[in-house]
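Working notes, structure below.
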Amino acid sequence: MRGSAVGTAVALAAGTLLTAAMTTASASPPTTATTPVAAAPAQPVLVDCFFHRTIRPNDFILACGDGNSRLTGLHWTEWGPDGAKAIGVNMVNDCKPYCAAGTFRSYPVVIRLSGEQPWKKHPRFERYTNISLTYTGARPEAFGQVVTYPLWD
């Protein structure tokens, strides 16, 4: 009997302290800032094949339909409203003799993202509209040294 009386007393004391703390906090006058605080601009996003937004991804699929071209090992050196830049590897299926039996080959690239515009699906987000790959050595057959693609909206 004595143990339950002590427990009840502790519970009542804790409740009283909590109520006092909440009353004091809610009774305080609101504070006002003397200097307006500007929100930092949101970083542009990269929209992937599944219409998910990412920032500085490690990997990115370029060929959404079959996955035969993707970027891996991305190391971003820039990311902002004036564009983004990374180095990485473009893994491309040579599709020889056909894509299901082809071999993925790796090609070092410099990646640049540009053309920030509001994203139609979520207009409060700016998204990159173009991706440009510059092959720094060998490149896939029939590819130019620089290849630019539009990105998904």
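Restricting to region 136-153, and then to whatever is within 20 Å of VAL47 (Cα to Cα) and among the hydrophobic types (A, V, I, L, M, F, W, C), can you tell me which residue is modelled with the highest pLDDT?
Per the criteria, the residue is VAL147.
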Can we say ARG56 is of a type in the set (D, E, K, R), over 24 Å from ALA42 (Cα atoms) and surrounded by 12 or more Cβ atoms within 10 Å (Cβ to Cβ)?
-> no
Log entry, pairs with first residue in region 64-88 being more than 14 Å from LEU133 (Cα to Cα), second being among the hydrophobic types (A, V, I, L, M, F, W, C) and not in a strand (DSSP E or B), beta carbons closer than 7 Å, six or more apart or on different chains, reads CYS64/CYS49; ASP66/CYS99; ASN68/CYS95; ASN68/CYS99; TRP79/ILE55
All positions within region 89-105 that are outside any loop (DSSP other than H, G, I, E, B) and either more than 12 Å from GLY67 (Cα to Cα) or touching a residue at least 12 places away in the same chain (Cβ under 8 Å) (or both) | VAL89, ASN90, MET91, VAL92, ASN93, CYS99, ALA101, PHE104, ARG105
Is it true that SER114 is surrounded by 15 or more Cβ atoms within 10 Å (Cβ to Cβ), of a type in the set (Gly, Ala, Ser) and at negative phi?
-> yes
Select from region 106-147 the residues that are of a type in the set (Phe, Trp, Tyr), more than 14 Å from ARG53 (Cα to Cα) and not in a strand (DSSP E or B) and list them in ascending order.
-> PHE143
Restricting to region 66-84, what's the tally of residues that are more than 20 Å from ALA142 (Cα to Cα) and either surrounded by 16 or more Cβ atoms within 10 Å (Cβ to Cβ) or touching a Cys at 6+ places or on another chain (Cβ under 9 Å) (or both)?
-> 5
Go through the residues of region 126-135 one by one and say whether even a single one is more than 15 Å from the chain's Cα centre (by Cα), modelled with pLDDT under 95 and among the small types (Gly, Ala, Ser).
-> no
Could you please find all residues in region 86-104 being surrounded by 15 or more Cβ atoms within 10 Å (Cβ to Cβ) and not hydrophobic (A, V, I, L, M, F, W, C)?
-> GLY88, ASN90, ASN93
Pull up region 38-63, narrow it to residues that are aliphatic (A, V, I, L, M) and free of Cβ contacts under 8 Å to residues at least 40 places away in the same chain, then point me to the one that is farthest from ASP153 (Cα to Cα).
-> ALA38
Which numbered condition MET22 misses (of (1) surrounded by 10 or more Cβ atoms within 10 Å (Cβ to Cβ); (2) at pLDDT 50 or above) | (2)
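The values are calculated or read from the model by the stated rules, or taken from the named source; none is laboratory data. What you are looking at is a predicted structure, and each value in this text was computed from that prediction instead of being measured. Ideal geometry is used to build each Cβ from the backbone, glycine not excepted, and the neighbour counts take in all protein chains shown.
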